[in-house]
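Student: Just dropping this structure here.
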Amino acid sequence: MPDTIAIAGMTLREIRLPLREPFRISSGMVTTRRIILLELRDRDGVTAWSECVAGERPNYSPETIDTAWLAISEWVAPRVLGQEFAGPAEVDPALARDFRGHNMAKAAVEMGAWGLVAERRAVSLTAVLGGTRAKVATGISLGIQPDPDSLARVAADALAQGYRKIKCKIAPGADVEYIAAVREVLGPEAPLMADANSAYTLNDADHLAKLDQYDLLMIEQPLASDDLVRHAELQKKLKTPICLDESITGVDRAADALALGSGKIVNIKPGRVGGFRQAKAIHDLCAEAGVPVWHGGMLESGIGRAYNVALATLANFTLPGDLSPSARYWERDIVTPEWTMAEDGMVQVPYHRPGLGVAVDIDRVDDLTVRKQTLTAE
Ligand code: OSB
Ligand code: MG
């Protein structure tokens, strides 16, 4: 079968999936994920599931699950339904034309097109992407805890479970002492980093420089998403490498960041950049520039995770990703088998299984669904 994409219909659903524990970042807290799932169906009847990573409130990016639902149903779907694309890489340019923003909405459809190719060819998503790893290294992202000792305890537990990178969310008032406590408990060699989710300004440079003494792998997104110039200023004042997350919304922005020296490491989340084509382009650009990348996470269900794990098999994903197993997030995931992590902190890539490599538990999805809409070509 050729890789032609001809999407005849798609079903959007919103599911509500409670997290095992609330997840707090500098800009807000989430206890139950409201997730958009998409089921794409092509004209031959082949289907593929995908996931939209938009959150409930606009505290990470301007998008929310409600804006994404609107964007997908009103603007993204009509551009692809009934159209023919020579391959999945052709979907992103079609969605880019005269269409600003809404990257997460676009990505849900764009990534689904890659998933459809995997289903059509009956090979793994990893094979479609050209990934090279049989396992991917996993880190954990720890939400802000009530006090430094509590954080140190959960961090020590995570390290003991085998996680290869411990990322601690920080915010003004929950930063230097918290990281100090974690470093003390984990020891000098443990791979440790902080993520500020844009909670600081350049005026905090001296304060953030206090983190230099704790030998962090990196500090993620200290400043605002549109602050590339100030990130470059801040990087000059910090020994700790800056990693950009929110700032990198596409390959051009990644090129700008590298040119300006706004950071030394890039977090890639396909949802944030509009899908796999952009994510691959950023990956390739960083590889050429000698800049390491790693795969970020957005508290995805097992469907989104399948896409993330596949992307993280590309060669320049050299640092452990936020690719925790299902049980880190959910009492029960919506896929079988659930995603698991071995004691060495590695997640097995299902490169020998066709499509996403996991089966969607449709009964469970039905139970969790609170709204549903089916769209078809005119
Ligand atoms: O900044 O990386 C982030 C979750 C929601 C919004 C932003 C971020 C995160 C995470 C979660 O860090 C990582 C994961 O999915 O395990
Ligand atoms: Mg982040």
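The values are calculated or read from the model by the stated rules, or taken from the named source; none is laboratory data. Because the structure is a prediction, the values reported are computed rather than measured. So basically every Cβ, Gly included, is an ideal-geometry build from the backbone, and we count neighbours across all protein chains shown.
Student: Quick test of your reading of the structure: Leu142 fulfils all but one of (1) in contact with an Asp or Glu (Cβ under 8 Å, 6 or more places away or on another chain); (2) among the aliphatic types (A, V, I, L, M); (3) free of Cβ contacts under 8 Å to residues at least 40 places away in the same chain. Name the failing condition by number.
Tutor: Going through (1) in contact with an Asp or Glu (Cβ under 8 Å, 6 or more places away or on another chain); (2) among the aliphatic types (A, V, I, L, M); (3) free of Cβ contacts under 8 Å to residues at least 40 places away in the same chain one by one, Leu142 breaks only (1).
Student: Against the condition within 16 Å of ligand 2 (Cβ to nearest atom) and in the same structural domain as Ser326 (by TED's automatic domain parsing), how does Glu184 come out, does it pass? Can you show your working first?
Tutor: On the way: within 16 Å of ligand 2 (Cβ to nearest atom): no; in the same structural domain as Ser326 (by TED's automatic domain parsing): yes.
Here the answer is no, as Glu184 does not meet what is asked.
Student: Report yes if Thr32 is free of Cβ contacts under 8 Å to residues at least 40 places away in the same chain and part of a strand (DSSP E or B), otherwise no. First the steps, then the outcome.
Tutor: Details: free of Cβ contacts under 8 Å to residues at least 40 places away in the same chain: yes; part of a strand (DSSP E or B): yes.
Criteria met by Thr32.
Here is a yes/no grid of residues against (1) of a type in the set (A, V, I, L, M, F, W, C); (2) within 16 Å of ligand 2 (Cβ to nearest atom):
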| site | (1), (2) |
| --- | --- |
| Asp3 | no, no |
| Ile15 | yes, no |
| Leu19 | yes, no |
| Arg24 | no, yes |
| Met29 | yes, yes |
| Leu38 | yes, no |
| Arg43 | no, no |
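Student: Cβ-Cβ under 9 Å, sequence separation 6+ or interchain: first residue in the range 203-222 and closer than 12 Å to Ile179 by Cα and among the acidic types (Asp, Glu), partner within 16 Å of ligand 2 (Cβ to nearest atom) and at pLDDT 95 or above. Which pairs?
Tutor: Between residues of the range 203-222 that are closer than 12 Å to Ile179 by Cα and among the acidic types (Asp, Glu) and residues that are within 16 Å of ligand 2 (Cβ to nearest atom) and at pLDDT 95 or above, the close pairs are Asp212/Thr240; Asp215/Leu192; Asp215/Thr240.
Student: If you don't mind, another one. Taking the condition surrounded by fewer than 18 Cβ atoms within 10 Å (Cβ to Cβ), closer than 21 Å to Thr374 by Cβ and of a type outside the set (Lys, Arg), does Ser73 pass? Walk me through how you get there before you give the answer.
Tutor: Details: surrounded by fewer than 18 Cβ atoms within 10 Å (Cβ to Cβ): yes; closer than 21 Å to Thr374 by Cβ: yes; of a type outside the set (Lys, Arg): yes.
For Ser73, the condition - surrounded by fewer than 18 Cβ atoms within 10 Å (Cβ to Cβ), closer than 21 Å to Thr374 by Cβ and of a type outside the set (Lys, Arg) - is met.
Student: Please note which strands (runs of 3 or more DSSP E) are completely contained in the range 127-219 and include at least 2 residues that are among the charged types (D, E, K, R). Outline the logic, then answer.
Tutor: Numbers: elements: 135-137, 140-142, 166-169, 192-195.
The strands (runs of 3 or more DSSP E) meeting that bar are 166-169.
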